[in-house]
Amino acid sequence: MKDEICRYNQIDPAIEARIDGLLSQMTLDEKVGQLVQMSPHAPIDPEEMMKRIKEAQEAGQPPQRVYHPRPGLDDMIRAGRVGSILNLPDVHWINHYQQLAVRESRLGIPLIVGADVIHGLRTVFPIPLAESCTWDPPLLERAARVAAEEASACGIDWTFAPMVDIARDPRWGRIAEGAGEDTTLGMAMARARVRGFQAGDLASGRRVAACPKHYVAYGAAQAGRDYHTVDISERTLREVYLPPFKAAFDAGAGSVMSSFNEIGGVPATANAFTLRTVLRDEWQWPGMVLSDYDAVKELIPHGIAADLKDAARLGILAGLDMEMASEAYTTHLAALVREGAVPESVVDEAVRRVLRLKLQLGLFEHPYTDEALADQILLRDDFRALALQVACESIVLLKNEGGLLPLSPGEGRIAVIGPLADARHDLLGCWASNGRAEDVESVLDGMAVYLGSSDRLAHVSGCPVKDEGPADIPAAVAAAHEADVVVLVVGESANMSGEARSRSHLGLPGRQQELLDAIAQTDKPIVGVLVTGRPLVIPRMAGQVDALLVAWHGGIRAGRAVADLLFGAAVPSGKLTASWPRTEGQIPVYYAQKSTGRPMEGAGTTQFFEPFKSRYIDEPNDPLFSFGYGLSYTTFDYSDLEVHTPLVDANGTLVVSARVANTGPRAGTEVVQLYVRDLVASVTRPVKELKGFQRVTLQAGEAQTVRFELPADQLGFPGLDMRRVVEPGAFQVWVGPDSAAGLEGHFEVQ
Ligand code: BGC
């Protein structure tokens, strides 16, 4: 296999010439056809759909994917009226449609086949939020490469990923799909994932294009309610939400999906500022913009389009190239051009971008997929091994009182309690429709690897995840009494996070807290294992358990990864990438906040009455667990911070180092983090900003000097005129284990 990281963000004169040739032959209807991404599925009656979903859920399976072809689709493709289809998990049918496009349409332009391959296809990796807790971009690049390998073996050319939305509100279910709250980390993850997805096997011609989404500021939905209004300043947009997209483009992404939300009164689907001014005028990016599902039609309920035709006009004029699903373009765009409401040159530009991506992907040369390929590629052993590594690195240890963990596999009786202890489907998390429950190792399966069918292992679920179904808390308590230690596996089911899964209460759902309360009465040591798609609000639980692991929705190998950590075959190294609030009332709570004019010193405790400070009277300001936080089975000591460049030139490089020593009993990996604060600037700056991180593996007793070199332009920000500026002045700098701790130094930019 000959891999190369392909870039779809470039202009190649030879390709442009081919596009000119095609455009000159295309009728207006054929041009519009290239801008249409059509769902290939027969429209299904919502009642029937709910019935199928329910049946599948009851069987513990993802919804049955029996394919019902959309009536009339064959003819539309033959007529050149379709440029793309999406989410068709069947290579045979994909080849069928591709043949219609290539052999039976007048110009033979291939389709581009898109799909949501978000954290693996059949080899399901941890949800992206979990993956980001590895702080390991090279590892995630490899994971994305596996996803692309499997996707292209199934005929998929284009993945609607990575999701690069910054998310600071855990009520929002889609926080599961991204890299958390931080822009610098989000940029690193965006780059890694784009590179991984776009690492093409050039020998076979199998390639996948990334489609970063959702452009833009989708994660800033008010109140954490999905699709809700976004109203943020241009400064925050430029500083927090846009950079991960820019990073994805710079890594070679040649398409982007616009978001459902409005931004300051103009829906992203028809937002000329974000779609034209930023993408085209400022960034000179030649890629293609795809709408989100039905989002063009949704300009009507947004209240800026009178009807579907108006919606088509607004979308295309704003710079939206391809429409997903809702059929405003296919129905009205040609008429709009004929009537003079939309210049044909605008359509030509959009078509050019679509054809550019298709040509760059090599679809004209390799339109079909070998139907025997999937069997050879899906779920390969090396893919499964990588999924285990990612799952292990993504798990975060939040508490380990008295060194309860790791457990010794050779002694004591263990009661495994909780509704998620034997869960399989739920470990897959959101956006895993090609994943299969039978591929998943549950936590119990993982523990059985260490304990066999030993009578030292008892299992009682105690209660369901949510309020439905029977509970038997007394049986769980009885099992706890019999045991020396309890492993309590609780949290959210897969369908509680992801799209349209906002929650306003972020505690343990259903009766799970009641179950924990009962177990806690037994005074047995408790290891909590949280299976979740988002940060939860668990101050009570955090106090009740002795040790706490966040296992997320960790994919097919999650159960094994949990067991490897529980029994010490692996050592936790994950660190949180989104803050865990103490209470929903603190949301949004994130480390890179601004100071305000009345800052509360420290965490903001309620013990001292300090009036007229920016604080709550009933809770501290800081979260329960901060961004960057995570423990190990060993301990790390930070010392000898050195600022090698106390005066940094604005075009120079900041150099900082610190000594990190493993002072504990065993080898471990620490994510060493670099933060800065710009003390005085023309606009207010966050109290801390992550600027670098390194994963460092140290043997017991070993120490290493960790050195950061940061180009000073990365200290810049959008100035008063919104242009990026690096201002002279004093900075604080920290090197430490998380956003709330670290050695502090100073430097000055001149
Ligand atoms: C989601 C996108 C997804 C698309 C296609 C939409 O509802 O917002 O993230 O890519 O559907 O499945």
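The values are calculated or read from the model by the stated rules, or taken from the named source; none is laboratory data. Worth saying up front: this structure is predicted, and the values here are computed from it rather than measured. Cβ placement follows ideal geometry from the backbone for every residue including glycine, while neighbour counts extend to all protein chains displayed. What goes into the accessible areas is simple: the full protein's heavy atoms, side chains included, and nothing from ligands, DNA or RNA. Shrake-Rupley method; radii C 1.70, N 1.55, O 1.52, S 1.80 Å.
Considering (1) more than 16 Å from the ligand (Cβ to nearest atom); (2) of a type outside the set (A, V, I, L, M); (3) on the phi < 0 side of the Ramachandran plot; (4) under 13 Å from the mean Cα position of the chain (by Cα), say which one GLY180 fails and leave the rest.
Of the numbered conditions (1) more than 16 Å from the ligand (Cβ to nearest atom); (2) of a type outside the set (A, V, I, L, M); (3) on the phi < 0 side of the Ramachandran plot; (4) under 13 Å from the mean Cα position of the chain (by Cα), the odd one out for GLY180 is (3).
Which residue, of THR684, THR705, is touching a strand residue (DSSP E or B) at 6+ places or on another chain (Cβ under 6 Å), surrounded by fewer than 16 Cβ atoms within 10 Å (Cβ to Cβ) and under 21 Å from LYS575 (Cα atoms)? Explain how you work it out, then say what you get.
Numbers: THR684 fails: under 21 Å from LYS575 (Cα atoms).
Of THR684, THR705, the one residue that is touching a strand residue (DSSP E or B) at 6+ places or on another chain (Cβ under 6 Å), surrounded by fewer than 16 Cβ atoms within 10 Å (Cβ to Cβ) and under 21 Å from LYS575 (Cα atoms) is THR705.
Return a yes/no flag: does region 384-394 have any residue that is closer than 18 Å to ALA483 by Cβ, buried (at least 19 other Cβ atoms within 10 Å of the Cβ) and among the hydrophobic types (A, V, I, L, M, F, W, C).
No, every residue in region 384-394 fails to be closer than 18 Å to ALA483 by Cβ, buried (at least 19 other Cβ atoms within 10 Å of the Cβ) and among the hydrophobic types (A, V, I, L, M, F, W, C).
Inspect region 157-178 for any residue being at pLDDT 95 or above, of a type outside the set (Lys, Arg), open to solvent by 10 Å² or more (accessible area, probe 1.4 Å) and over 30 Å from GLU262 (Cβ atoms) and give the result as yes or no.
yes
Taking GLY498 as the residue in question, decide whether it is under 28 Å from the mean Cα position of the chain (by Cα), on the phi > 0 side of the Ramachandran plot and away from the ligand (no atom under 16 Å from the Cβ).
Details: under 28 Å from the mean Cα position of the chain (by Cα): yes; on the phi > 0 side of the Ramachandran plot: yes; away from the ligand (no atom under 16 Å from the Cβ): no.
Here the answer is no, as GLY498 does not meet what is asked.
Hey, among the residues in region 78-112 that are among the polar types (S, T, N, Q) and within 16 Å of the ligand (Cβ to nearest atom), which one's surrounded by the most Cβ atoms within 10 Å (Cβ to Cβ)?
First pass over region 78-112, keeping only residues among the polar types (S, T, N, Q): 84, 87, 95, 98-99, 105.
Filter once more, so that each one left must be within 16 Å of the ligand (Cβ to nearest atom): 84, 87.
Values: SER84: 25, ASN87: 19.
Restricting to residues being among the polar types (S, T, N, Q) and within 16 Å of the ligand (Cβ to nearest atom), the top hit is SER84.
Looking at (1) within 16 Å of the ligand (Cβ to nearest atom); (2) part of a loop (DSSP other than H, G, I, E, B); (3) more than 30 Å from PRO737 (Cβ to Cβ); (4) open to solvent by less than 10 Å² (accessible area, probe 1.4 Å), can you tell me which one VAL124 breaks?
(1)
On the given criteria, is ALA248 under 18 Å from the mean Cα position of the chain (by Cα), in a loop (DSSP other than H, G, I, E, B) and modelled with pLDDT of 95 or more?
Working: under 18 Å from the mean Cα position of the chain (by Cα): yes; in a loop (DSSP other than H, G, I, E, B): no; modelled with pLDDT of 95 or more: yes.
When the stated conditions are applied, ALA248 does not pass them.
Could you count how many residues in region 268-313 are more than 21 Å from SER39 (Cβ to Cβ) and of a type in the set (Ser, Thr, Tyr)?
Of the residues in that region, 2 qualify.
Assuming LEU549 fulfils every condition listed in (1) assigned to a loop (DSSP other than H, G, I, E, B); (2) touching a strand residue (DSSP E or B) at 6+ places or on another chain (Cβ under 9 Å); (3) under 26 Å from TYR675 (Cα atoms); (4) of a type in the set (A, V, I, L, M) apart from one, which condition is it?
(1)
Go over the candidates ILE166, ILE175 one by one and state the one that is under 30 Å from ARG356 (Cβ atoms) and away from the ligand (no atom under 13 Å from the Cβ).
Details: ILE175 fails: under 30 Å from ARG356 (Cβ atoms).
Exactly one of ILE166, ILE175 is under 30 Å from ARG356 (Cβ atoms) and away from the ligand (no atom under 13 Å from the Cβ), namely ILE166.
Is it the case that ALA143 is touching a helix residue (DSSP H, G or I) at 6+ places or on another chain (Cβ under 7 Å) and more than 16 Å from the ligand (Cβ to nearest atom)? Steps first, answer last, please.
On the way: touching a helix residue (DSSP H, G or I) at 6+ places or on another chain (Cβ under 7 Å): yes; more than 16 Å from the ligand (Cβ to nearest atom): yes.
When the stated conditions are applied, ALA143 passes them.
Filter region 396-425 for residues that are part of a loop (DSSP other than H, G, I, E, B), surrounded by fewer than 18 Cβ atoms within 10 Å (Cβ to Cβ) and not aliphatic (A, V, I, L, M) and give the result. Steps first, answer last, please.
Just the residues of region 396-425 that are part of a loop (DSSP other than H, G, I, E, B), to begin with: 404-413, 418-424.
Now restrict to residues that are surrounded by fewer than 18 Cβ atoms within 10 Å (Cβ to Cβ): 404, 408, 410-413, 422.
Those that are part of a loop (DSSP other than H, G, I, E, B), surrounded by fewer than 18 Cβ atoms within 10 Å (Cβ to Cβ) and not aliphatic (A, V, I, L, M): SER408, GLY410, GLU411, GLY412, ARG413, ASP422.
Among helices (runs of 4 or more DSSP H) lying entirely in region 1-114, which contain 3 or more residues that are among the small types (Gly, Ala, Ser) and without any contact (Cβ under 8 Å) to a residue 40 or more places away in the chain?
Working: elements: 13-25, 28-34, 46-58, 73-78, 91-99.
Fully inside region 1-114 and qualifying: 13-25.
Only helices (runs of 4 or more DSSP H) wholly contained in region 285-345 count here; list those with 3 or more residues that are away from the ligand (no atom under 16 Å from the Cβ) and farther than 20 Å from THR274 by Cα. It would help to see each step written out before you state the result.
Working: elements: 299-302, 308-318, 328-338.
Answer list for region 285-345: 328-338.
I'd like the residue in region 448-470 that is within 27 Å of PRO535 (Cβ to Cβ) and modelled with pLDDT of 95 or more and, out of all such residues, is farthest from the ligand (Cβ to nearest atom).
Narrowing region 448-470 to residues within 27 Å of PRO535 (Cβ to Cβ): 461-469.
Filter once more, so that each one left must be modelled with pLDDT of 95 or more: 461-466.
On the way: SER461: 32, GLY462: 35, CYS463: 32, PRO464: 28, VAL465: 24, LYS466: 23 Å.
Residue satisfying both the conditions and the ranking: GLY462.
Looking at region 188-227, which of its residues are within 15 Å of the ligand (Cβ to nearest atom) and open to solvent by 40 Å² or more (accessible area, probe 1.4 Å)?
Scanning region 188-227 gives ARG225, TYR227.
Count, please, the residues in region 677-698 that happen to be touching a Gly at 6+ places or on another chain (Cβ under 9 Å) and more than 17 Å from HIS746 (Cα to Cα).
Here the count works out to 5.
Only one of (1) open to solvent by 10 Å² or more (accessible area, probe 1.4 Å); (2) more than 16 Å from the ligand (Cβ to nearest atom) is not met by GLU150, so which one is it?
(1)
Exactly one condition in (1) open to solvent by 20 Å² or more (accessible area, probe 1.4 Å); (2) touching a residue at least 12 places away in the same chain (Cβ under 8 Å) is not met by GLY554; state its number.
Single failed check for GLY554: (1).
Provide a single number: the residues in region 597-648 that are at pLDDT 95 or above and of a type in the set (A, V, I, L, M).
Result for region 597-648: 6.
Pairs, please: C-beta under 9 Å, at least 6 apart or cross-chain, first residue without any contact (Cβ under 8 Å) to a residue 24 or more places away in the chain and in region 494-507, second open to solvent by 20 Å² or more (accessible area, probe 1.4 Å) and within 16 Å of the ligand (Cβ to nearest atom)?
Within 9 Å, no pair qualifies.
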